[in-house]
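Peer 1: The structure is given below, and queries will be raised subsequently.
The values are calculated or read from the model by the stated rules, or taken from the named source; none is laboratory data. The shown structure was predicted, so the numbers you read here are calculated from the model rather than taken from an experiment. Note that we place each Cβ from the backbone using ideal geometry, even for glycine, and neighbour counts take in every protein chain shown. Quick note on the areas: whole protein, heavy atoms, side chains included, nothing else; ligands and nucleic acids left out. Shrake-Rupley method; radii C 1.70, N 1.55, O 1.52, S 1.80 Å.
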Number of protein chains: 4
Amino acid sequence: MIEYIHSIKIYYRDVDRMGIVYYSRYFEYFEESRTELLASIGIDITSIEQEGTTLPVISSHCDFKKGAKFEEEILVKTWINEKPRSTLKINYEVF
Amino acid sequence: MIEYIHSIKIYYRDVDRMGIVYYSRYFEYFEESRTELLASIGIDITSIEQEGTTLPVISSHCDFKKGAKFEEEILVKTWINEKPRSTLKINYEVF
Amino acid sequence: MIEYIHSIKIYYRDVDRMGIVYYSRYFEYFEESRTELLASIGIDITSIEQEGTTLPVISSHCDFKKGAKFEEEILVKTWINEKPRSTLKINYEVF
Amino acid sequence: MIEYIHSIKIYYRDVDRMGIVYYSRYFEYFEESRTELLASIGIDITSIEQEGTTLPVISSHCDFKKGAKFEEEILVKTWINEKPRSTLKINYEVF
């Protein structure tokens, strides 16, 4: 298993009229977090793509417990349990 | 059951380096589509919120089959099967 | 001169904590509007790009008079005065 | 004069089909950078808003020299020359 904890600060651009992060932005935070997970083990996606491999998302799911607010810092824990095959499951927890 | 089919044109802002719509944007299209589903039966969310009710998303899921491309028009079918209670399941299909 | 008036409805994704459209989204609306201006005279950008020409923005400016609100429809008038050369000035007015 | 240099890493979400950051995202980076400029002198915008003051952008301008790419880190220098009055001019340079 590999695991990485990444800190993200919330800016105005992502906060909606309810005062919490607009729901789809979490998927952007997950992209950022998995990029940092890979960077932490020396993998950059630019190089992977230059070798002709793309990494499209094929399924995504998120349960929203509590809305993050403007100027808060959230921690995103990202982990991969299994050995990567043609598809890869990446897990995220925000706290 | 209520159902609505909404057309969305894809602009540059949503298309990534792979030439397809960046995955989280579909959740924005779903928000647009459910807003139009509600508008089609005479409900606007602004009025609902003014009465003190907010409608936060509590769970979202999407399987991605095929990436939409710049200047394409997609159709989003949105439907609600069940009678709304405190939570509401909204379904989407893009084609 | 060519001119086009394009209607855009405001969704939750673009509205911030002040209840108005977040400022950078207007530049996305301008992209949408110039794409529709070009479409109205039979030009699609996908074809232009396939011929090897890209159209990067080199300068952008916006004065904000009044914030558009959720579920409002705005009209964006887009016009080009001059004959296009290597650079092109596109004008927008929101009302 | 106050000045702050803020580092931003570019993620997939902001990169378009030309392989460079989509133009409007720079305005999001400027928002992030001015928030950090203010944080560096002990000011948080949440507190300012709670006292009843909002800080809407009234004009924005950007000249684009060179497109930042995915997984690059850019530096945004933000500075304020003048003494703040009812309006405030904030300058940015990306390098």
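Peer 1: Shielding of A:34-44 by partners, i.e. mean partner chain Cβ atoms within 10 Å per residue? Write out the running numbers ahead of the final one.
Peer 2: Values: counts 2, 7, 2, 0, 0, 2, 0, 0, 0, 0, 2.
The mean count of partner-chain Cβ atoms within 10 Å per residue comes to 1.
Peer 1: Could you compute the FRET efficiency for B:PHE64 and D:GLU82, with r as their C-beta to C-beta distance and R0 at 41 Å, rounded to 0.05?
Peer 2: Numbers: r = 49 Å, r/R0 = 1.19.
That pair, B:PHE64 with D:GLU82, gives E of 0.25.
Peer 1: What dipole magnitude, in Debye to the nearest 20, does the protein assembly as shown give about its Cα centre under +1 on Lys/Arg Cβ and -1 on Asp/Glu Cβ?
Peer 2: Details: 48 positive and 64 negative charges, 0 e Å.
Rounded to the nearest 20 debye, it is 0 debye.
Peer 1: If you put +1 on each Lys and Arg Cβ and -1 on each Asp and Glu Cβ, how big is the dipole of chain C around its Cα centre, in Debye rounded to 20? Intermediate values should be presented prior to the final figure.
Peer 2: Numbers: 12 positive and 16 negative charges, 67 e Å.
That gives chain C a dipole magnitude of about 320 debye.
Peer 1: Another one. Please count, across chain B, the pairs of lysine residues with Cα atoms under 23 Å apart that sit 8 or more places apart or on different chains.
Peer 2: 9
Peer 1: Sticking with this one: Quick one: with label points 7 Å out along Cα→Cβ, list the inter-copy distances for C:LYS77 in nm, shortest first?
Peer 2: The projected label point of C:LYS77 is separated from its counterparts by 4.1, 4.2, 5.7 nm.
Peer 1: For D:TRP79, tell me the accessible area in Å² from a 1.4 Å probe, rounded to the nearest 10.
Peer 2: My reading of the accessible area for D:TRP79 is about 50 Å².
Peer 1: Let me ask something additional. Determine the distance separating the Cα centre of the stretch C:1-76 from the Cα centre of the stretch A:22-95; give it in Å without decimals.
Peer 2: When both Cα centres are located, 29 Å separates them.
Peer 1: Okay, next question. I'm a student and want to see the number: the projected area of the Cα convex hull of the stretch C:1-71, averaged over all directions, in nm².
Peer 2: Numbers: hull surface 24.8 nm².
One quarter of the hull surface, i.e. the mean projection, equals 6.2 nm².
Peer 1: Moving on. Leaving ligands and nucleic acids out of the surface, order C:ARG17, A:ARG25 by accessible area at 1.4 Å, largest first. Each step should come with its number before you reach the end.
Peer 2: On the way: C:ARG17 70, A:ARG25 15 Å².
Highest to lowest solvent-accessible surface, that is C:ARG17, A:ARG25.
Peer 1: Sticking with this structure for a sec: For chain B, what does -39500 (n - 2.57) per DSSP helix run (n ≥ 4), summed and divided by total residues, give at 222 nm, in deg cm²/dmol to the nearest 500? Don't skip to the answer; put the middle values down first.
Peer 2: Details: 2 runs with 22 residues, N = 95.
Only helices count here, giving -7000 deg cm²/dmol.
Peer 1: Sticking with this one: Find the relative contact order for chain C and round it to a whole percent, using C-alpha pairs within less than 8 Å whose residues are 6+ positions apart. Can you show the working numbers first?
Peer 2: Working: 118 pairs, mean separation 42.5, N = 95.
That works out to 45 percent.
Peer 1: Nearest 10 degrees is fine. How inclined is helix B:25-40 to the longest principal axis of chain B, computing both from alpha carbons?
Peer 2: 40 degrees
Peer 1: Provide a whole-number value for the mean count of partner chain Cβ atoms within 10 Å of the Cβ atoms in peptide A:48-61.
Peer 2: Values: counts 0, 6, 0, 0, 0, 0, 4, 2, 7, 8, 5, 6, 9, 5.
Across A:48-61, the average partner-chain Cβ count within 10 Å equals 4.
Peer 1: Whole-Hz ³J(HN,Hα) for each residue in the stretch C:58-74, computed from phi via Karplus 6.51 cos²θ - 1.76 cosθ + 1.60 with θ = phi - 60°, x for glycine and proline: what do you get?
Peer 2: The phi angles translate into 10, 7, 9, 9, 8, 9, 9, 9, 7, x, 6, 10, 3, 6, 6, 10, 10 Hz.
Peer 1: Between B:THR54 and D:SER47, take the C-beta separation as r, use R0 = 22 Å, and let me know the FRET efficiency to the nearest 0.05. Present the calculation step by step, with values, prior to reporting the outcome.
Peer 2: Values: r = 24 Å, r/R0 = 1.08.
Efficiency at R0 = 22 Å is approximately 0.40.
Peer 1: Okay, next question. What figure, in Å² to the nearest 10, do you get for the accessible area of A:THR46 with a 1.4 Å probe and non-protein molecules left out?
Peer 2: 30 Å²
Peer 1: To continue, here is another question. Using only Cα positions of the protein assembly as shown, each an equal point scatterer, no hydration layer, compute I(q)/I(0) via Debye at q = 0.09, 0.15 Å⁻¹ and quote the log10 values to two decimals.
Peer 2: At q = 0.09, 0.15 Å⁻¹ the computed log10 ratios are -0.56, -1.72.
Peer 1: Using amide H atoms built in the peptide plane, which far-off residues or other-chain residues are under 5 Å from A:TYR22 H to H?
Peer 2: Under 5 Å from the amide H of A:TYR22: A:VAL15, A:ASP16.
Peer 1: How much accessible area is lost when chains B and A come together, counting both sides, with a 1.4 Å probe, in Å² rounded to the nearest 100? Spell out each step's value before the answer.
Peer 2: Details: alone 7200 and 7220 Å², together 12380 Å².
So the buried area, both faces added, is about 2000 Å².
Peer 1: Okay, next question. What average number of partner chain Cβ atoms lie no more than 10 Å from the Cβ of the residues making up A:7-14?
Peer 2: 5
Peer 1: Taking the Cα centre of the stretch C:25-95 as the origin and placing charges on Cβ (Lys, Arg +1; Asp, Glu -1), which of C:ALA39, C:THR78, C:CYS62 is farthest toward the positive end of the dipole?
Peer 2: Among C:ALA39, C:THR78, C:CYS62, the one farthest towards the positive end of the dipole of the stretch C:25-95 is C:CYS62.
Peer 1: Provide the per residue accessible area, probe 1.4 Å, for the protein assembly as shown, rounded to a whole number of square angstrom.
Peer 2: Working: 20110 Å² over 380 residues.
On a per-residue basis, the protein assembly as shown sits at 53 Å².
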